[in-house]
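Bear in mind these aren't lab numbers, they're just calculated from the coordinates by the rules spelled out. Owing to the predicted nature of the structure, the values given are computational and were not obtained by experimental measurement. No Cβ is skipped: glycine too gets one built from the backbone with ideal geometry, and neighbour counts run over all protein chains shown.
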Amino acid sequence: MMRMGGRIALAAAAGIAAELAGLALIGSAAWLITRAAEQPPLAALSVAIVGVRAFATSKGVFRYGERLTGHDVALRAQATTRERLYQALIPAGPPSQRGADLLSRMVDDTDAVQDLLVRGLLPAVAALVTGITAVVLGLFLLPSAALVLAAGLLVAGVLLPAGVTAVTRRRAALIAPARAELAARVADLLHGAADLAAYGAGDRALAASAGADARLAALERAQARTGAVATCLGVLAQGLTVAGVVLVAQEAGAGSVATAVLALTSLVSFEPLLPMIAAAERMTGVSAALRRLREVRATPPAVAEPVRPAAVPAGPLTVEVEDLVVRHAADRAPALNGVSLTLTPGRRVAIVGPSGAGKSTLLSALMRLVEPESGVIRLSGPDRGDAPGPGTGQAVDLRDLPSDEARRIMTGLTQDPYVFQASFRDNLRLAGPEADEEALAEAVRRARLADWAERTGWDTVLGEDGRTVSGGQLQRLALARALLNDPPVLLLDEPAEALDEETADALMADLLDATRGRTTLLVTHRLRGLEEVDEIVVLENGSVLQRGTHRELVDAPGYYRDLWRSEALVARG
């Protein structure tokens with residue numbers, strides 16, 4: 001396949017050929033008309049007649065080729081930019097930008113790559129070559145007229161675009177953030193409409209959105225006025241240059257044929273230059289957009305990828321967490337402080353504790369979303385007879401595996417599962433793109449979502465962010481995804497969060513039943529049903545307070561027994 005550089009060169013060559021064909025068409029047509037007025041023999045005009053036809057046809061062909069190859073290059077570059085931006089976001093951890101701002105960068109700012117090529121680079125190259133060719137032609141016909149033409153082209157093609165760039169640069173740097181702010185305001189209105197109405201804040205939110213829209217509109221109007229004035233000046237420079245060329249030609253005593261050719265070629269030579277004024281206005285915005293894209297791509301990844309990735313041990317896998325310390329910021333206390341646990345094949349371990357205890361941070365460390373400060377997470381294959389301890393047959397440090405491979409091994413149901421504006425089947429298939437209908441149905445059945453799926457239909461479109469499903473259905477959909485993905489180690493983060501008691505109890509019961517015999521790490525603040533897991537680890541302030549079975553912890557004084565008794569009192573009403 002042709003490389004991007006070759007495609008750009010081909011598009012540029014087609015654009016140059018189209019502009020030169022247009023210049024030659026006008027020049028040859030001007031010569032033909034004025035020469036024909038002198039009534040020479042037809043044979044003297046035959047070459048010009050053929051040339052006019054050839055240039056007219058070739059201009060259309062080259063213009064089509066320029067449009068085809070230019071947009072092909074631009075769309076490929078835009079797709080590559082979006083792909084690289086998306087790849088930069090995957091390992092970078094939680095972004096500092098809001099979701100609407102990221103969407104603005106992903107959509108609007110990446111369009112800048114297309115504008116850079118289609119409206120900037122390729123037309124500029126064609127305009128430069130056309131202008132130089134027109135001046136060379138003028139030098140051949142009448143040097144003094146060529147100097148007038150060169151001065152006019154310099155004003156329209158260099159000075160005016162440079163002036164537009166200087167005037168609009170600062171304003172253009174404000175337009176992209178203003179557009180992102182408006183997108184964020186509108187997203188807040190759409191996604192938070194119910195909460196805004198409940199708290200009587202709808203009018204304030206609408207006013208804030210209207211203000212953001214007004215600021216963006218004012219910036220864009222000012223930008224458009226600058227471009228319009230500069231374009232008018234460019235057209236004025238074109239007219240004055242043509243008039244100057246004609247006057248110089250007449251004073252020099254050039255014939256009618258040479259004067260007509262000089263006048264019309266001078267007029268046409270401005271055609272590729274005048275769009276450069278509008279392009280200069282657009283390029284200031286493109287520059288700001290590309291800077292915003294670089295900010296995202298420059299975000300350092302949350303975890304370092306291994307230089308020489310290790311191979312994954314043969315399964316079934318054992319996960320050993322030993323003295324793990326994770327700190328989210330250097331000036332903050334550790335989110336995890338010396339945590340250790342072991343997940344042998346088929347073993348289910350529950351992590352409980354108050355909010356902020358480090359439960360979700362532990363899952364993030366297992367999925368290679370955060371970098372441990374110290375300690376180790378080790379994956380091991382089946383035990384060897386001569387190797388003491390669990391899972392010491394083929395041990396590998398999790399940091400020696402690519403992060404994608406780590407998440408393939410350990411993943412599952414995370415907090416706030418996302419639902420896309422797509423069918424129920426497509427939302428489920430995210431976890432298993434190659435899964436057949438039987439596998440999808442089995443995952444839905446095990447998540448106790450089969451009745452709902454049959455009732456609503458597999459092709460029913462679910463609203464963005466899960467607005468059209470209940471909290472319990474959303475969590476069950478996420479559980480079905482996790483079961484369909486079928487990772488060697490299943491991670492479940494607060495599956496019953498924000499659900500009512502009855503729904504939460506039913507979901508936890510189904511979840512514990514579905515994970516029977518699977519290597520599972522369950523993070524939860526609910527204790528009901530945990531008598532079925534093999535071990536319970538109690539975290540508080542990032543440290544392990546207690547560990548043991550449900551019965552052992554209920555019998556021992558501490559956080560677990562206190563929380564168990566509190567839940568029992570609530571259940572009795």
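Please report, in cubic angstrom per residue, the volume enclosed by the convex hull of the alpha-carbon atoms of region 4-54. Present the calculation step by step, with values, prior to reporting the outcome.
Details: hull volume 2.7 nm³, N = 51.
Dividing the Cα hull volume of region 4-54 by its residue count gives 53 Å³.
Considering only the chain, what is the antiparallel percent among its DSSP beta bridges, to the nearest 5? Can you show the working numbers first?
On the way: 21 of 37 bridges.
In the chain, DSSP labels about 55 percent of beta bridges as antiparallel.
If packing is taken as the average count of other Cβ atoms within 10 Å, what order do 200-211, 276-287 fall into, highest mean first?
Ranked by mean Cβ neighbours within 10 Å, highest first: 276-287, 200-211.
Using modelled backbone amide H atoms (1.01 Å from N, in-plane), which distant-in-sequence or interchain residues come within less than 5 Å of Leu490's amide H?
It is Thr519, Thr520, Leu521, by chain and number.
Binning at 10 Å from 0, report for the chain what percent of all alpha-carbon pair distances ends up in each bin.
With a bin width of 10 Å, the distribution comes to 3, 13, 18, 18, 14, 11, 9, 7, 5, 2, 1, 0.
Just to be sure I follow the definition: excluding the sites themselves, where is the longest run in the chain that has none of the chymotrypsin sites (Phe, Trp or Tyr not before Pro) in a DSSP loop with at most 14 other Cβ atoms within 10 Å?
Value returned for the longest uninterrupted segment is 200-417.
Taking square-rooted eigenvalues a ≥ b ≥ c of the alpha carbon gyration tensor, is region 209-353 rounded, prolate or oblate, where a/c under 1.5 means rounded and, failing that, a/b exceeding b/c means prolate?
On the way: a/c = 5.75, a/b = 3.16, b/c = 1.82.
Cα axes put region 209-353 in the prolate bin.
Apply the Karplus parameterisation 6.51 cos²θ - 1.76 cosθ + 1.60, with θ equal to phi minus 60°, to every residue of region 530-542 and state each ³J(HN,Hα) to the nearest whole Hz, in sequence, with x for glycine and proline.
Values per residue, Gly and Pro as x: 6, 5, 8, 7, 7, 8, 10, 10, 9, 10, 8, 6, x Hz.
Quick one: which residues, 5+ away or cross-chain, put their amide H under 5 Å from the amide H of Ser543? H built at 1.01 Å from N.
Those qualifying (amide H under 5 Å, at least 5 residues apart or on another chain) are Asn337.
Compute the separation of the alpha-carbon centres of region 467-490 and region 143-176 and state it in Å as a whole number.
Rounded to whole Å, the Cα centres lie 58 Å apart.
What's the angle, to the nearest 10 degrees (0 to 90), between helix 559-572's Cα axis and the longest principal axis of the chain?
Taking the Cα atoms of the chain, the angle to 559-572 is about 90 degrees.
Length gain on complete extension for the stretch Ala44 to Thr57, per 0.36 nm per residue less the alpha carbon to alpha carbon distance?
Full extension of this stretch gives 2.5 nm more.
Using amide H atoms built 1.01 Å from N in the peptide plane, name the residues 5+ places from Val376, or on other chains, whose amide H lies under 5 Å from its own.
Amide H to amide H, under 5 Å and 5 or more residues apart or across chains, Val376 pairs with Glu322, Leu324.
In whole Hz, with x marking every Gly and Pro, tabulate ³J(HN,Hα) for region 81-88 from phi via Karplus 6.51 cos²θ - 1.76 cosθ + 1.60, θ = phi - 60°.
Ordered by residue, 3J(HN,Hα) equals 5, 5, 5, 5, 5, 5, 5, 5 Hz.
Ordered by residue, what ³J(HN,Hα) values in Hz, to whole numbers, does region 193-204 give under the Karplus form 6.51 cos²θ - 1.76 cosθ + 1.60, where θ = phi - 60° and Gly and Pro are x?
In residue order, the calculated couplings are 4, 5, 5, 4, 5, 5, 9, x, 9, x, 5, 5 Hz.
Could you work out how far apart the two model spin labels at Arg221 and Asp404 are, taking each label as a point 7 Å from the Cα in the direction of the beta carbon, and quote it in nm?
Placing both labels 7 Å beyond Cα along the Cβ direction yields 4.9 nm.
With everything on Cα atoms, drop me the angle between helix 256-269 and the longest principal axis of the chain, reported from 0 to 90° to the nearest 10.
The angle comes out near 10 degrees.
How big is the convex hull of the Cα atoms of region 4-297, per residue, in Å³?
Taking the convex hull of the Cα positions in region 4-297, it is 145 Å³ per residue.
Which value in deg cm²/dmol, rounded to the nearest 500, describes the helix-derived mean residue ellipticity at 222 nm for the chain, given -39,500 (n - 2.57) per DSSP H run of n ≥ 4 and division by the residue count?
On the way: 20 runs with 337 residues, N = 573.
Calculated at 222 nm, the ellipticity per residue is -19500 deg cm²/dmol.
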